[in-house]
Amino acid sequence: MEVFVGKLQRSSNFDQEDREALLKLPYTIRRFGAREDIFRYGEKPAYCCLVLDGWVHRYGIVGDGDRQILLFYIPGDVPDLQHLFLPLLDHTLASITASTLAFIPHRSLYGLVERRPRLMAALWRDTLIDTSMYRERVMCLGRRSSVGRTAHFFCEMYLRQEVAGLAGDLRCSIPITQGEIADVLGITPVHLNRSLRTLRSRNVIDLNGGHLKILDRSALIKAAEFDPAYLHLGANLKSSLVSMGKALAD
């Protein structure tokens with residue numbers, strides 16, 4: 001819960017009493033193996049889940065059975081806050097690595113937001129940031145090349161992990177398969193392999209064994225056309241990736 005409180009405080013203001021109220025929320029811990037469904041399409045969940053360990057993803061299935069990964073979530077994220085008010089799931093939420101989650105009852109969250117308007121605003125803002133990430137993903141899918149999409153994905157996942165205290169020194173974990181990366185980017189595995197070869201040949205990144213090392217952050221940001229504004233990470237965030245992304249955007 002401390003991780004979630006810290007995430008909310010980076011983008012919202014609330015006092016110590018609000019913080020303590022968040023920390024007192026009841027929850028149940030559950031563990032999932034890799035690629036297990038947490039909530040399925042069409043369900044009406046009674047809980048929101050906080051990712052404590054591992055990676056979780058949303059995905060949808062089209063008529064012929066093909067999957068489309070929509071977004072990845074890392075420790076500190078609550079990927080389904082919107083289902084406090086949208087009771088029917090229009091996608092499936094699943095682990096993609098072995099994961100540990102805390103399930104917080106909707107009824108407890110309802111009581112919290114009714115009593116504490118600043119927390120209601122903080123949770124609402126978190127769902128809006130999630131929506132902002134979707135808008136950026138649409139831009140990537142519609143207008144960026146496969147190299148640009150791949151570079152953008154690495155920028156985003158490094159930065160989100162750095163902010164959560166899970167990465168640093170331009171190194172982070174990417175604990176998923178190349179097929180899964182291709183899926184979220186809307187390209188074929190062949191196009192992803194070509195994009196990775198391009199970035200490697202330019203000495204921009206090294207991706208090996210599920211670990212990413214950014215060798216040339218300026219070149220990676222330029223290839224991605226990466227502007228971190230859509231993540232709404234807070235004006236005081238100290239990160240070389242943020243400052244360089246803003247400078248290139250300007």
### Message
VAL62 - would you say it is free of Cβ contacts under 8 Å to residues at least 12 places away in the same chain, aliphatic (A, V, I, L, M) and under 29 Å from PRO189 (Cβ atoms)?
### Response
yes
### Among the candidates THR131, THR92, residue that is farther than 23 Å from SER11 by Cβ and not assigned by TED's automatic domain parsing to the domain that holds PHE153
THR92
### Query
Counting only residues that are among the basic types (Lys, Arg) and touching a strand residue (DSSP E or B) at 6+ places or on another chain (Cβ under 9 Å), which one in the range 37-79 is nearest to ILE96 (Cα to Cα)?
ARG58
### Message
Quick check on my filter: what residues within the range 18-34 are in a helix (DSSP H, G or I) and either in contact (Cβ under 8 Å) with a residue 24 or more places away in the chain or of a type in the set (S, T, N, Q) (or both)?
### Response
ASP18, ALA21, LEU22
#### Entry: helices (runs of 4 or more DSSP H) wholly inside the range 107-206 containing at least 2 residues that are within 16 Å of the chain's Cα centre (by Cα)
117-143, 146-163, 178-185
### Number of positions in the range 35-66 that are outside any strand (DSSP E or B) and touching a helix residue (DSSP H, G or I) at 6+ places or on another chain (Cβ under 8 Å)
2
### Task
Could you tell me which residue of the range 1-25 is surrounded by the fewest Cβ atoms within 10 Å (Cβ to Cβ), considering only residues that are closer than 20 Å to GLY234 by Cα and of a type in the set (Lys, Arg)?
ARG10
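The values are calculated or read from the model by the stated rules, or taken from the named source; none is laboratory data. The structure displayed is predicted, hence computed values, not measured ones. Note that we place each Cβ from the backbone using ideal geometry, even for glycine, and neighbour counts take in every protein chain shown.
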